[in-house]
Amino acid sequence: MAVLNGRVLLLNFSYEPLGTVGVARAMCLVLRGVVFVEEFDGERVLRSPSAEFRVPSVVRLRAYVNVRRKRQAAGMKRLRIYVRDRFQCQYCGKKKSAHELTLDHITPRARDGRSTPENLATACVACNSRKGSRTPAEARMPLLTTQRALSVGLDRVMLCHYAESRPQWRKYLFVGETSEDEQRASA
Ligand SMILES: [Zn+2]
């Protein structure tokens, strides 16, 4: 059913964006009374033999969920880094799909390179194996990205990604957020 395609923006009770869920999952949350519908997706409707439901575009949890810790543990990091790097190998510049990409430790693990987003770059399989456990300088494989781009918080990366994919979500995405430059200035 084509109407089940697409994503729905999921907000915490506090309006903090949590991510996206599929239309089917969002409808289940609505029917189970877990979320409020903040916004419908135009006139799209989902029909069952006995009823008709408007398809949501934005839903909000009825109760506040403390997700920060869960989300970090949830293995979403890999995908978020691919999104940050725009699904582009940061050595040869080729764009690939997620299953053809890997995460490269810029400073290799063997040299105590940590698995933090700042030390992880999207790399195609060929570049990753060519680089091996060398630094970019040793391998003569300069990074296309910058330290500044690598340091952008992954939450912010995802917000920008959502804002680009659905203009109607934009107004929910940057509410109450101080810019990173402001944070840096006050740190
Ligand atoms: Zn590559």
- Task: Pop a pseudo-label 7 angstrom from the Cα along the beta-carbon direction at both THR116 and PHE53 and give the gap in nm to one decimal.
- Result: 4.3 nm
- Query: Normalised by the residues of the chain, what does the relative contact order come to in percent, with Cα pairs under 8 Å and at least six apart?
  - Reply: 17 percent
- Task: Pull out the extension gain between SER133 and PHE174, defined as 0.36 nm times the separation in residues minus the alpha carbon to alpha carbon distance; nm, one decimal.
- Result: 10.9 nm
- Which of VAL157, VAL58, VAL45 fluctuates most in a GNM of the chain (C-alpha springs under 10 Å)? That residue is VAL45
- At ASN5 and LEU143, where each label point lies 7 Å from the Cα along Cα→Cβ, what is the point-to-point distance in nanometres? 3.7 nm
- Return an integer: the convex hull volume of the alpha-carbon atoms of the range 68-158, in Å³ per residue. 91 Å³
- Note on the structure: Hull surface over four for the Cα convex hull of the range 1-74, reported in nm², is 5.3 nm²
- Please work out how much length the chain gains when fully extended from ALA63 to VAL125, using 0.36 nm per residue of separation minus the C-alpha to C-alpha distance, in nm with one decimal. 18.1 nm
- Query: Among THR145, HIS99, SER129, whose Cα lies farthest out toward the positive end of the dipole of the range 75-150, if unit charges sit on the beta carbon of Lys, Arg (+1) and Asp, Glu (-1)?
  - Reply: HIS99
- Query: Where does the chain land at 222 nm, in deg cm²/dmol rounded to the nearest 500, when only DSSP H runs of n ≥ 4 count, each adding -39500 (n - 2.57), divided by all residues?
  - Reply: -8000 deg cm²/dmol
- So what's the range 21-115 giving for Rg/Rh, alpha carbon basis, Kirkwood Rh from the mean inverse pair distance? 1.15
- Note on the structure: Cα-based Rg then Dmax for the chain, in Å, read 19.7, 66
- Task: Putting +1 on Lys and Arg Cβ atoms and -1 on Asp and Glu Cβ atoms, find which of ASN5, LEU46, GLY19 reaches farthest to the positive end of the dipole of the range 1-74.
- Result: GLY19
- Query: Farthest toward the dipole's positive end in the chain, which of CYS89, CYS160, VAL35, given Cβ charges of +1 (Lys, Arg) and -1 (Asp, Glu) about the Cα centre?
  - Reply: CYS89
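Quick note: the coordinates plus some simple rules give every number you see, no bench work behind them. Predicted model, so just to flag it, every value in this text is computed and none were measured. Don't worry about glycine lacking a Cβ; one is built from the backbone with ideal geometry, like all the others, and counts go over all protein chains shown.
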